[in-house]
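A.B. asks: Take a look at this one; I'll ask things after.
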Amino acid sequence: MKENFKYIDLHTHSTASDGTCSPTEVAISAKKASLSLIALTDHDTMAGVEECFKKGLELDLSVIAGVEMSCVYKEKEIHILGYLLPSSISERELNIPKEIFDDLSFFAKERAERNAEIIRRFKNDGIIILENDLNNSNQNTQITRAHFANALIKLGLVKSKSEAFDKYLEYGGKYIPVKNITTTRCMEFLKKHNFFISLAHPFQYKFSDEDLNTLISHLIELGLDGIEVYHSTHSASDIKKLMLLANKYKLFPTGGSDFHGGNKPGLDIGKGYGDLKIPFELLENILTNKSN
């Protein structure tokens, strides 16, 4: 099996959330990048997985059903990746239980209510953002802060996404309320449906070493399986530190580019900013040992 697989990407986004490529285009981009396998991990939704999976079948590209859940820990937003691991990579069928989509609707409702509050807060300051400005008339898209950043650019209030985040979109700031979804609620959902669970990009939350260890311990008690060691933003030093944490807590290392298409310029699927390479053996180790 090893010789049939080279590099993989377990963290990608499509237009089902805040990526600019359709699920089909994500699969095509992955194939062009010579990847053997990807996971589609849109924010709080799996609406694009079937489309991506079907295109993957056409292209001889394996696609794992995934999701990136958002929740709050100590008033900071953290992201947790969930994967429905196949029994074998050669699986030619996708089976996502209807109950998963039913439960995801709860998180979608929470996100929609929060987005309505964000729109209201902007309106109070005379900044009018319409829902169609955010979802490009795609009612199934899960709206994130990246969508608000694009809207602010179109309104001429900022010149870049980074300026939008710095000036308007700070988590817990004037316009962005803290989420209601706790780590416990998020992990309960993922465990209920037998997802393989990994903490996404641990250093993005800017926790101290002590707080990061506390977070990991907390999540392990709730069922954490892995930690995203390889990521486009991780330096060699970061990877080394995260591997030590993975070994310390007996967690599986995972990895992905966090591809968003045009919403993260210069970040390519499977390659990150140029030097990211995630071998298939990473996933093979999980599939071989997770059930043991």
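A.B. asks: Name the shape class, rounded, prolate or oblate, that the alpha-carbon gyration tensor gives for region 179-292, where a ≥ b ≥ c are the square roots of its eigenvalues, rounded holds for a/c under 1.5, and otherwise prolate holds if a/b is larger than b/c and oblate otherwise. Don't skip to the end; give the middle numbers.
C.D. replies: Working: a/c = 1.43, a/b = 1.30, b/c = 1.10.
Judged from the Cα gyration tensor, region 179-292 comes out rounded (a/c under 1.5).
A.B. asks: Evaluate the relative contact order of region 45-145 (contact order divided by residue number), counting alpha-carbon pairs under 8 angstrom at least 6 apart; express in whole percent. Each step should come with its number before you reach the end.
C.D. replies: On the way: 71 pairs, mean separation 20.1, N = 101.
Computed over region 45-145, the figure is 20 percent.
A.B. asks: A further question follows. Which of the residue pairs Lys55/Lys206; Lys31/Lys206; Lys76/Lys240; Lys76/Lys250; Lys174/Lys240 have a Cα-Cα distance greater than 30 Å in the structure shown? Walk me through the numbers before you get to the answer.
C.D. replies: Details: Lys55/Lys206 37 Å; Lys31/Lys206 34 Å; Lys76/Lys240 24 Å; Lys76/Lys250 25 Å; Lys174/Lys240 37 Å.
Among Lys55/Lys206; Lys31/Lys206; Lys76/Lys240; Lys76/Lys250; Lys174/Lys240, the Cα-Cα distance tops 30 Å for Lys55/Lys206; Lys31/Lys206; Lys174/Lys240.
A.B. asks: Follow-up question, since we're still on this one. For region 194-243, with only Lys/Arg (+1) and Asp/Glu (-1) charged at the beta-carbon, what is the dipole magnitude about the Cα centre, in debye rounded to 20?
C.D. replies: Details: 3 positive and 7 negative charges, 36 e Å.
Dipole of region 194-243, to the nearest 20 debye: 180 debye.
A.B. asks: Excluding same-chain residues fewer than 8 positions from Lys179, which aspartates and glutamates have a Cα within less than 17 Å of its Cα?
C.D. replies: Asp44, Glu68, Glu75, Glu77, Glu110, Glu113, Glu117, Glu170, Glu188
A.B. asks: What spacing in nm lies between the two simple spin-label points modelled at Leu57 and Glu163, each 7 Å away from Cα in the Cβ direction?
C.D. replies: In this crude label model, Leu57 to Glu163 measures out at 4.7 nm.
A.B. asks: Ordering Tyr273, Tyr168, Tyr230, Tyr7 by how much accessible area each has at a 1.4 Å probe, largest first, what is the list? List each step's numbers first, then the result.
C.D. replies: Working: Tyr273 130, Tyr168 30, Tyr230 55, Tyr7 90 Å².
Output order, biggest surface exposure first: Tyr273, Tyr7, Tyr230, Tyr168.
A.B. asks: Turning to a different aspect of this structure: Percent antiparallel among DSSP beta bridges with both residues in the chain, to the nearest 5? Mind showing how you got there, number by number?
C.D. replies: Numbers: 15 of 34 bridges.
Restricted to the chain, the bridges split so that about 45 percent are antiparallel.
A.B. asks: Ok, one more. Can you tell me the dipole magnitude for region 18-110 around its Cα centre, using point charges on the Cβ only (Lys, Arg +1; Asp, Glu -1), in Debye to the nearest 20? Intermediate results must be reported in sequence, preceding the final value.
C.D. replies: Values: 9 positive and 17 negative charges, 61 e Å.
Dipole magnitude for region 18-110 comes out near 300 debye.
A.B. asks: With a 1.4 Å probe and every protein chain kept in, tell me what percent of the accessible surface of the chain is carbon plus sulfur. List each step's numbers first, then the result.
C.D. replies: On the way: 6680 of 13700 Å².
Reported share for carbon and sulfur atoms: 49 percent.
A.B. asks: Per-residue accessible area for Thr233 at 1.4 Å probe radius, Å² rounded to 10?
C.D. replies: Surface accessible to solvent at Thr233 totals approximately 70 Å².
A.B. asks: Same structure again: Between region 218-266 and region 1-57, what is the C-alpha centre distance in whole Å?
C.D. replies: Taking the Cα centre of each part, region 218-266 and region 1-57 sit 18 Å apart.
A.B. asks: Determine the sum of side-chain charges near Ala27: Lys and Arg each +1, Asp and Glu each -1, restricted to other residues whose C-beta is under 14 angstrom from that of Ala27.
C.D. replies: -3
A.B. asks: Working from the alpha-carbon coordinates of region 1-145, get Rg over Rh, Rh being the Kirkwood radius. Show your work: numbers first, answer last.
C.D. replies: Values: Rg = 16.9 Å, Rh = 16.4 Å.
Using Cα coordinates only, the ratio equals 1.03.
A.B. asks: How large is the convex hull of the Cα atoms of region 92-200 per residue, expressed in Å³ as a whole number? Don't skip to the end; give the middle numbers.
C.D. replies: On the way: hull volume 15.6 nm³, N = 109.
Value for region 92-200: 143 Å³ per residue.
A.B. asks: Taking the Cα centre of the chain as origin, work out the dipole magnitude from +1 charges on Lys and Arg Cβ and -1 charges on Asp and Glu Cβ, in debye rounded to 20.
C.D. replies: So the magnitude is around 420 debye.
A.B. asks: Using a 4.7 Å Cβ cut-off, which Cys residues in the chain lack a partner cysteine?
C.D. replies: Lone cysteines by the Cβ rule: Cys21, Cys52.
A.B. asks: Residues with amide H under 5 Å of Leu10's amide H, sequence separation 5 or more or different chain, H placed in the peptide plane at 1.01 Å from N; which?
C.D. replies: Ala39, Gly255, Gly256, Ser257
A.B. asks: Further, regarding this structure: Angle between the Cα long axis of helix 280-289 and the longest principal axis of the chain, 0 to 90 degrees, nearest 10?
C.D. replies: Helix 280-289 sits at roughly 70 degrees to that axis.
A.B. asks: Could you estimate the translational diffusion coefficient of region 70-150 from the Stokes-Einstein equation, with Rh from the Kirkwood formula over C-alpha pairs, at 25 °C and 0.890 mPa s, in whole µm²/s? Before the final figure, lay out each step's value.
C.D. replies: Numbers: Rh = 15.5 Å.
Stokes-Einstein gives a translational diffusion coefficient of 159 µm²/s.
A.B. asks: Find the relative contact order for the chain and round it to a whole percent, using C-alpha pairs within less than 8 Å whose residues are 6+ positions apart.
C.D. replies: 23 percent
A.B. asks: Please name which of Ile197, Asn213, Asn180 has its Cα lying farthest along the dipole of region 151-269 towards the positive end, using unit charges on Cβ (Lys, Arg +1; Asp, Glu -1) and the Cα centre as origin.
C.D. replies: Most positive-ward Cα: Asn180.
A.B. asks: Taking the Cα centroid of region 85-107 and of region 267-287, what is the distance between the two, rounded to the nearest whole Å?
C.D. replies: Here the answer is 22 Å between Cα centres.
A.B. asks: Measuring from the lowest to the highest alpha carbon on each principal axis, how far does the chain reach, largest first, in angstroms?
C.D. replies: Projected onto the principal axes, the Cα atoms of the chain cover 58, 45, 39 Å.
A.B. asks: For Gly19, list long-range residues whose amide hydrogen, built 1.01 Å from N in the peptide plane, is under 5 Å from its own amide hydrogen.
C.D. replies: Here Ser14 satisfy the definition.
A.B. asks: Just to confirm, what accessible area per residue do you get for region 104-181 at 1.4 Å probe, in whole Å²? Don't skip to the end; give the middle numbers.
C.D. replies: On the way: 4280 Å² over 78 residues.
With all protein chains present, region 104-181 gives 55 Å² per residue.
The values are calculated or read from the model by the stated rules, or taken from the named source; none is laboratory data. Source: prediction; values computed, not measured. Every residue, glycine among them, receives a Cβ derived from its backbone with ideal geometry; neighbour counts consider all protein chains shown. Only protein heavy atoms, including side chains, enter the accessible area calculation; ligands, DNA and RNA are left aside. Shrake-Rupley method; radii C 1.70, N 1.55, O 1.52, S 1.80 Å.
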